[in-house]
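**Student:** Before I ask anything, here is the structure I am working with.
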Amino acid sequence: MQSGIASSRFSAYRLALILVLLFCAGCNLATTGDGAPTSFEGPPIIHIAAPAPNQTFLAGTTVIVQARVENAGPDLARISVLLDDALLGEKVNPNETNAAVLPLTIDWPTSNTGDFRISVLAERSDGEFSREDVNIRVISESSAESAATRETNRQEAGAPDSPGADADGQKDVAGNTAEQPDLPLPKPTDSEPPVGEQSRVAGTMTQPARIRVGPGATYDLVGNLDENFEVMIVAVNPSREWYRIAYNDLPDAWVYAEFVQPAGGAAGLPVETGPPMPMEQGVNLVVVDVQLESAIVCNQPATVRARIQNQGTDKARNVAWVIAEPVLMSDGSSLLENPPLAYLKTLEAEEEDMLAFPLTLTSHVDQEQFIRIVADSGNHLPETDETDNIGNSASFILQPGACG
């Protein structure tokens with residue numbers, strides 16, 4: 001009995017909710033007394049509610065873009081969202097209900113860091129349009145942690161900002177927070193400096209620091225140095241931010257120059273670039289295969305399938321989309337103003353996904369064409385190799401069919 005009453009109440013609640021929604025939907029329709037849509041003069045009006053201007057986000061989080069288009073009307077032809085002028089999302093003929101105000105929400109899962117401009121554009125069928133922009137910043141977790149650490153140190157010590165310290169007091173230019181490995185202390189070396197160059201310069205560590213195999217925080221660690229430890233400076237890198245020191249007979253041992261106090265001038269030290277940068281790890285989307293399911297006939301639906309693989313070592317978050325672009329073989333021109341696109345799911349390292357694109361071609365009958373697949377269109381996902389994001393289908397002749 002109780003469940004029957006609950007079910008009845010739930011049904012009544014749903015009915016009331018539906019009536020409210022229908023009423024609200026009716027409120028969105030702009031009509032005259034005789035039921036005809038009202039006219040909308042002038043360009044659409046855009047208001048971006050989120051994100052806020054100059055808002056900062058952590059890389060890996062999702063930016064939710066919320067906006068509304070006022071003075072919309074039945075002739076609103078297109079609403080577009082751009083990220084640094086690259087298409088983030090688009091809706092063609094968005095106002096099927098002839099509403100005066102249209103809401104807009106779109107998500108952008110961030111990955112790469114930097115300053116970005118998000119733009120919302122609304123365009124009428126006669127070409128009249130409006131646009132509103134908002135600038136945001138995306139930072140890495142390490143940058144956020146370093147900034148917080150610097151601010152805490154500054155407030156507690158009343159000292160100028162310095163590179164961030166980790167829990168063990170070890171510091172480097174990147175403010176890394178990894179645990180200190182148990183590595184041996186350096187031992188002296190008696191090798192002589194090259195002839196004609198400044199003699200090695202003695203130095204003293206002004207604070208704890210890490211030793212790396214190259215002049216940069218991305219190189220591997222080979223040791224640690226305590227404050228007041230004496231070192232022998234052998235060379236400096238071109239930017240003069242890192243010193244190479246004598247350390248356990250290693251050919252390359254580098255410390256951040258800000259943490260070393262040379263006993264004399266270091267201007268005459270040899271300049272060295274250090275070893276090559278370590279192999280970059282990350283995401284690498286590759287268009288592995290593009291297939292046409294059948295012959296392509298004018299004005300008949302067809303399907304193109306593309307196999308996309310992440311050949312990198314890191315996870316590829318679903319921030320990338322893929323477009324299928326018909327291209328004329330004779331001059332390489334694109335045949336669709338708005339080619340179909342699909343969002344790529346999150347791909348683990350070596351994982352792949354098969355995407356299907358519906359196509360209906362109506363132009364350049366009896367001419368040779370092909371389908372170009374572009375992964376990560378707009379380059380929103382940083383990759384170790386940006387040159388292998390494009391794959392092409394076999395060429396085909398568009399059959400006339402009913403168009404002939």
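**Student:** Sort out which residues of the range 106-123 are within 16 Å of Ile64 (Cβ to Cβ), modelled with pLDDT of 85 or more and aliphatic (A, V, I, L, M), and write them in order of number.
**Tutor:** Across the range 106-123, the qualifying residues are Ile118, Val120.
**Student:** Can you tell me which residues in the range 108-129 are open to solvent by 20 Å² or more (accessible area, probe 1.4 Å) and in contact with a Gly (Cβ under 9 Å, 6 or more places away or on another chain)?
**Tutor:** Pro109, Ser111, Glu128
**Student:** Scan the range 353-373 and give yes if some residue there is touching a Lys or Arg at 6+ places or on another chain (Cβ under 9 Å), without any contact (Cβ under 8 Å) to a residue 60 or more places away in the chain and among the charged types (D, E, K, R), otherwise no.
**Tutor:** yes
**Student:** Tell me, yes or no, whether the range 214-224 has at least one residue that is open to solvent by 60 Å² or more (accessible area, probe 1.4 Å) and over 30 Å from Thr384 (Cβ atoms).
**Tutor:** no
**Student:** Let me ask you something else. For the list (1) under 13 Å from Arg372 (Cα atoms); (2) touching a helix residue (DSSP H, G or I) at 6+ places or on another chain (Cβ under 6 Å), I need the number of the one condition that Leu292 fails.
**Tutor:** Of (1) under 13 Å from Arg372 (Cα atoms); (2) touching a helix residue (DSSP H, G or I) at 6+ places or on another chain (Cβ under 6 Å), only one is false for Leu292: (2).
**Student:** Scanning for something in contact (Cβ under 8 Å) with a residue 24 or more places away in the chain and within 22 Å of the chain's Cα centre (by Cα), does the range 323-338 turn up at least one residue?
**Tutor:** Scanning the range 323-338 turns up at least one residue that is in contact (Cβ under 8 Å) with a residue 24 or more places away in the chain and within 22 Å of the chain's Cα centre (by Cα).
**Student:** Could I ask something else about it? Among what's in the range 341-378 and is of a type in the set (S, T, N, Q) and open to solvent by 50 Å² or more (accessible area, probe 1.4 Å), pick the residue that is farthest from Gln399 (Cα to Cα).
**Tutor:** Looking at the filtered set, the residue picked out is Thr346.
**Student:** Which one is farthest from Arg212 (Cα to Cα), of the residues in the range 244-255 that are open to solvent by less than 30 Å² (accessible area, probe 1.4 Å) and part of a strand (DSSP E or B)?
**Tutor:** If we take residues in the range 244-255 being open to solvent by less than 30 Å² (accessible area, probe 1.4 Å) and part of a strand (DSSP E or B), then Ile245 is farthest from Arg212 (Cα to Cα).
**Student:** Name every residue in the range 256-271 that is surrounded by fewer than 19 Cβ atoms within 10 Å (Cβ to Cβ) and outside any strand (DSSP E or B), in order of residue number.
**Tutor:** Glu258, Ala263, Gly264, Gly265, Ala266, Ala267, Gly268, Pro270
**Student:** Same structure, new question: Quick one: count up the residues across the range 16-55 that are at pLDDT 75 or above, loosely packed, with under 14 Cβ neighbours inside 10 Å and not small (Gly, Ala, Ser).
**Tutor:** Residues meeting the conditions: 5.
**Student:** Take Val290 and tell me if it is more than 30 Å from Asn237 (Cβ to Cβ), assigned to a strand (DSSP E or B), open to solvent by less than 70 Å² (accessible area, probe 1.4 Å) and in contact (Cβ under 8 Å) with a residue 60 or more places away in the chain.
**Tutor:** Judged against the criteria, Val290 is a match.
**Student:** Does the range 67-74 contain at least one residue that is modelled with pLDDT of 80 or more, touching a Ser or Thr at 6+ places or on another chain (Cβ under 9 Å) and closer than 15 Å to Asn112 by Cα?
**Tutor:** The answer is no, given that none of the residues of the range 67-74 is modelled with pLDDT of 80 or more, touching a Ser or Thr at 6+ places or on another chain (Cβ under 9 Å) and closer than 15 Å to Asn112 by Cα.
**Student:** Considering the range 379-404 alone, what residues qualify as being open to solvent by less than 40 Å² (accessible area, probe 1.4 Å) and closer than 19 Å to Val287 by Cα?
**Tutor:** Once the filter is applied, which keeps residues that are open to solvent by less than 40 Å² (accessible area, probe 1.4 Å) and closer than 19 Å to Val287 by Cα, the range 379-404 yields His380, Leu381, Glu383, Asp388, Asn389, Gly391, Ser393.
**Student:** For Ala295, are the conditions met, namely being outside any loop (DSSP other than H, G, I, E, B) and either modelled with pLDDT of 95 or more or not hydroxyl-bearing (Ser, Thr, Tyr) (or both)?
**Tutor:** no
**Student:** When the residues of the range 225-240 are filtered to those that are at pLDDT 90 or above and of a type outside the set (A, V, I, L, M), which remaining residue is least open to solvent (accessible area, probe 1.4 Å)?
**Tutor:** Phe229
**Student:** Being in a loop (DSSP other than H, G, I, E, B), among the charged types (D, E, K, R) and either modelled with pLDDT of 80 or more or under 16 Å from Asn338 (Cα atoms) (or both) is the requirement here; does Asp126 meet it?
**Tutor:** yes
**Student:** Next question. Out of the residues in the range 319-340 that are open to solvent by 70 Å² or more (accessible area, probe 1.4 Å) and modelled with pLDDT of 85 or more, which is farthest from Glu383 (Cα to Cα)?
**Tutor:** Ser330
The values are calculated or read from the model by the stated rules, or taken from the named source; none is laboratory data. Everything numeric here is computed off the predicted structure, so don't read it as measured data. Cβ coordinates were reconstructed from backbone atoms using ideal geometry, including for glycine residues, and neighbour counts include every protein chain displayed. Quick note on the areas: whole protein, heavy atoms, side chains included, nothing else; ligands and nucleic acids left out. Shrake-Rupley method; radii C 1.70, N 1.55, O 1.52, S 1.80 Å.
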